[in-house]
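The values are calculated or read from the model by the stated rules, or taken from the named source; none is laboratory data. In this text, all values refer to a predicted model and were calculated from it rather than measured experimentally. Don't worry about glycine lacking a Cβ; one is built from the backbone with ideal geometry, like all the others, and counts go over all protein chains shown. When the accessible area is computed, the model is the full protein with side chains, heavy atoms only, and any ligands, DNA or RNA have been set aside. Shrake-Rupley method; radii C 1.70, N 1.55, O 1.52, S 1.80 Å.
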Amino acid sequence: MRLGRNDPCHCGSGKKYKVCHLDSDAAEKRASAEEATRSDDTRPELPDPRVFERSTAEVVRMFEARSRRPKRAAEAAQELMYQAWEQRSPARRIALAREALTVYDGCADAYSLLASEDARTDEEARELWERAVAAAEAALGKRAFIEDVGHFWGLLETRPYMRARHGLAQCRWHLGDRTGAVADFQELLRLNPNDNQGVRYQLAACLLEAGEDDALEELLARYADDASAVWGWSAALLEFRRSGDGVGSRKVLRAALDQNPHVPGYLLGEKKLPRHLPEYIGFGDEPEAIAYAAEHGDSWRGTRGALDWLAAQRGPRAAGRMPPPRRRSR
């Protein structure tokens, strides 16, 4: 999710983002953009995963061509989006997205790219995300939302909608529309219970922060086999909120420590969060702990006594690698 100017800084300093790392982050972003512009002809080492949808689309069009159906403007616009996702330069991606809209003004993925990469304000981004959702809904038609429920994302034509609704949910949360954001995330999971987009992790963070403990409990139970730090550590915090320090909460905390022993160091401030979050994480590794602390740290800090409880209960059992427990001053 995007960090607001007045939000706590991602580095864990406790200062507002605008007085801590906003300027340096902006400078790095400009430098990265300039470097990407100088390397326009250099393709990224790892292609955007959305590009892989092109081969499936080409097979679909091949079979449709047998009926001599002419190529539609919508397909031409989507092809431009495949080209946009291949580009390393933000300027070229934006230009291709705008070109796609001149070819077909209902291209949802074009609005989504502009919302995430070209919008100058949060309100402008929300308007573009809303236009992306509306365009994708119109392209799918009402029948899809009745007949294809539970199979979204498995169908190629539904993916622009899923991407747009996901982006809108994150934008709404950032703008303070908690109810709207949670409803968006829950609808995405209703349409696609397999959750190929990882929506449940962001929904869990939202429910924790909003204090929607009953809804969080239902979500954790729905994906009970999830072995991520988000599930283990969020379950520990939820149990502490409900029962305080006791046999039940300690048991859940021990399970979370076994799953990822690196989390306490970042939650308790013994280790600083890096300026940039890791792009890839694995079960039980340190990058996963960093991502969890960055997204869920506010919920732990906002739960009275949770950090003191964590520091006291962690003890020396955190995989033998963590420093001795240290009580954080409140």
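For the reader, a short list of remarks on this structure follows.
- Region 149-295 - charge dipole about Cα centre, Lys and Arg +1 at Cβ, Asp and Glu -1, debye rounded to 20: 180
- With R₀ set to 30 Å, the beta-carbon distance separating residue 222 from residue 279 gives a calculated FRET efficiency near 0.65.
- Under 5 Å, built H, 5+ apart or other chain: amide partners of residue 155: none
- Residues in region 223-267 average 38 Å² of solvent-accessible surface per residue, probe 1.4 Å, ligands and nucleic acids excluded.
- Here the peptides 269-275, 179-185, 202-208 are ranked by packing, the mean other Cβ count within 10 Å, and the order with the highest first is 202-208, 179-185, 269-275.
- Per residue, the accessible area of region 82-147 comes to 53 Å² when a 1.4 Å probe rolls over the protein heavy atoms.
- A Förster distance of 25 Å, applied to the separation of the beta-carbon atoms of residue 272 and residue 308, puts the FRET efficiency at 0.80.
- Placing pseudo-labels 7 Å out from each Cα toward the beta carbon at residue 105 and residue 215 gives an inter-label distance of 3.5 nm.
- Prolate/oblate/rounded call for region 69-136, Cα gyration tensor, a/c under 1.5 rounded: oblate
- Solvent-accessible area assigned to carbon and sulfur over region 183-245 amounts to 43 percent, based on a 1.4 Å probe.
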